[in-house]
Structures are given as C-alpha cells and as structure tokens.
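Each remark here refers to the structure printed beneath this line.
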Amino acid sequence: MSIPGCTQAEGKGKSLREMRMKMASLKFFIFFPVLYVGSFVIGLTSAADPTYLYHSCPNTTTFNSNSTYKSNLNFLLSSIVSNATRSNGFSAGFYNVTAGQEPDKVYALFLCRGDVTPTTCQGCVNFATSDILRRCPVEAESIIWYDECLLRYSGASIFSTMASSPSIIMYNLNNVTEQARFNQLVGTTMMAAANESVDSPKKFSTRKANFTAFQTLYCLVQCTPDLSDLGCNSCLQQSFANLRTTQVGARVLLPSCNSRFELYPFYNENATAAPPPPPVLSSPPPVSVTRPKALYKNRANLNTGVQNKNVTVLAGRSGISSSIIIAIVAPIVVAVALFIAGYCFLIRRARKKNSPPLEDKGLETLEGWDTVAVVGFNLDRFLLEK
C-alpha cells in the first residue's frame, strides 16, 4: 500500500534528479565545444609560422649535393638554434656563426626584429633554417626575410660589412592624402629613428608621429648590430631613398638593415621606448589603409627608372588566405555541430523517458519524434563560399 504524500514526494525527487542530470549533460555539451575551439585557436596561434616576405639566392655560385660546403652548411643550419640558445643569441636578437674551413667555410647570421620576444625569435629562425634550403637548395649565398626575422649565409665573410644588395622594396597600393606634408613627416620621423638606432645596442628604433587628428604614422628602422655607426647610418640612408612616401605604407629590406612606415601599429609598442608624437595642426579626412601583401612584382629602379636586377619592387593589398579562413572556421563549425547533436540527443532522451510505452510491439512510428537531417552538406564548399 502506497501513501499518496510519499509517492508525490518521491516523484518530485525523481524529477529533480532527472533535471539535474539533464543540466549536467547540457553543461558538458556546451563546455566541450568551447574547450575544443579554445584549444585549437591557442594551438594555431602558438604554432603559427613566421610571415614570409621575400628570399634571394642568386645562382652565380652553387654547390653539389655531396660537396664539403653542403655538409658544412647542413651542420651550421642544424646547430645554429642550439648554439644561439647557449649564447643568448635569441635574447639579443642577433647571432653570427661559421662552420668548416676555407675554401668551404660557411658564414651565417640571423637578425630578429627588435621588438619580438626571444621565443618568437627562436621560432622564426628555427623555421627559416629549413625553409631557406627548400627555396634555395643549391645556392651558396642566400638570404630570406620574414616579418619577424631574417636569415643569411654565404661562402664569403658577411660579418661587420654593410651590404645593400639585393634591395627589396614593398609598398601599399593606396595613395596618401597631402603627399608633400606626409613625405616631409616620414622623412623627419625616419631620420629621428635612425639617429636613435645608431646609438642603441640593438641598432633598432621605432618612432611615431601624428599625421592627422585621427591618423598616426608609425616608423621602424633596424641594422645588424655588428655594423659600425657609420655603416648603419649609411645603410639606412640608402633604404630611405627607396621608400615610397606617396603611399600609405612602405618598407625596404636590405641584407644589413631595413626600414618601414605605416599608418597603423605594426610593432609591439610595449617593447619599444619612443617619445610621444607632437600635436597635429591640420586634420584632413582619413584615408583607407590596408596592410601590404605582395601580389605582383616588378623590377625597376625607383629613382631613375633604369632596370636593375638588384632592386625588386613588390606592391599589393592585404588579404586573408583561404587556408587561414578554413583553419579558423572549420573547428567552429565542428563545435557547433557537436553542440547541436548533443542538445538534440538530450531532448530525444528526455521525450523518450516521458513518453508512455507503445501498445503495439511492431513497427515504430516517427510521429512525436524530432528528426534532424543534414543532407548534401559540403564543408569545403561551405568554407570557400564563406
């Protein structure tokens, strides 16, 4: 014999326990996609390759795959990361090393951008040691630039010697407003940064100045620290001569130095000490700024118009590659699908428990069920359309 009050209490307790179990399951299905996406994004960020800019490996001097020079080069590139770690090269952002004996001696160095962390510096150099061999498999003299670092090697000494060739010029396709005033502002700001970099241990400096009330000019200069003050200044002056100051952003890459300006922050301001920009007097309307990415190249001497094989000009607008879009969107789509599937599973299970037993033991009917169907879903097509 059952007591009505006890039966009602037991029913309420059972319902409360079922509700708690459902809430716990629902929390799991919410937490799992978030955890999945978060871990993927963190992994993607930490494992991101450095931003490739350009490479140069003239075929004037080459080596055989079984040569002593090749063996020395392989040994040097395979050990440069460990040697630089022991010598605090990544903290300094610069390191040079040799391997072998003449005439097969290899000279190499790397330079990291002055504001990047030692971890970023090490990751960039480590990536470059294999990337440069892939792009320059048989050339005895090669250099590769990334946004975060450069790596260079040669069969002749490259230490403490200013090199201005090859010269890589990159610029944004968007023209700047008030070109005369902007050109003057870039010139004075770059000169101030150059003077400061010559006196710094890293031969690195950043500066910023107000172009309008809404636009700030950001400038960066850097030389390899093994250059003399005179050599660094001479290298930077040559890079300034090729900067396209009619554009909203430009940079020049040389083996011994580089310079860059933009109308957006492109370096870590917390890692650089620069005086505040002076107040601006006029405020013309802002221009549209896009971050440069090389889309085509044309060899030309910007000052004289004469063809020059040692000067490479790159111009373009920025864009996010489809691989990056897929890498970001794919885990989000998967996470959302998992969440929907988990939610539907809980709803179906709850309805199944609350539904009265069927009288007929034969075929079941789909009436009263929630049916979720995905027909003809093509993830690749979906991502490309996005």
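State the percentage of accessible surface on region 147-200 attributable to carbon and sulfur atoms; use a 1.4 Å probe and exclude ligands, DNA and RNA. The nonpolar share, carbon plus sulfur, comes to 51 percent. Take each peptide in 131-138, 236-243, count the other Cβ atoms within 10 Å of every residue, and average; sorted highest first, the result is 236-243, 131-138. If R0 is taken as 25 Å, the Cβ-Cβ distance between residue 271 and residue 195 corresponds to a FRET efficiency of 0.80. Sum up the charges of everything whose Cβ sits under 10 Å from the Cβ of residue 189, counting Lys and Arg as +1 and Asp and Glu as -1, but leave residue 189 out. Net charge in that neighbourhood comes out at +2. Seen from residue 258, the other residues with C-beta closer than 10 Å to its C-beta sum to a net charge of +3, counting Lys and Arg as +1 and Asp and Glu as -1. Accessible area per residue for region 203-266, computed on protein heavy atoms with a 1.4 Å probe, is 26 Å². Over all other residues within a Cβ to Cβ distance under 12 Å of residue 49, the charged ones net out to -3, with Lys and Arg as +1 and Asp and Glu as -1.
The peptide list 181-192, 248-259, put in order of mean Cβ contacts within 10 Å with the highest first, becomes 248-259, 181-192. Of 226, 49, 115, the order by accessible heavy-atom surface (1.4 Å probe, DNA, RNA and ligands excluded), from most exposed downward, is 49, 226, 115.
The values are calculated or read from the model by the stated rules, or taken from the named source; none is laboratory data. Only a predicted model underlies this, so the values are computations on that prediction, with no experimental measurement involved. Quick reminder, even Gly has a Cβ in these numbers, built from the backbone with ideal geometry, and neighbours come from all protein chains shown. Accessible surface is based on the protein model in full, side chains and every heavy atom, while ligands, DNA and RNA are left aside. Shrake-Rupley method; radii C 1.70, N 1.55, O 1.52, S 1.80 Å.
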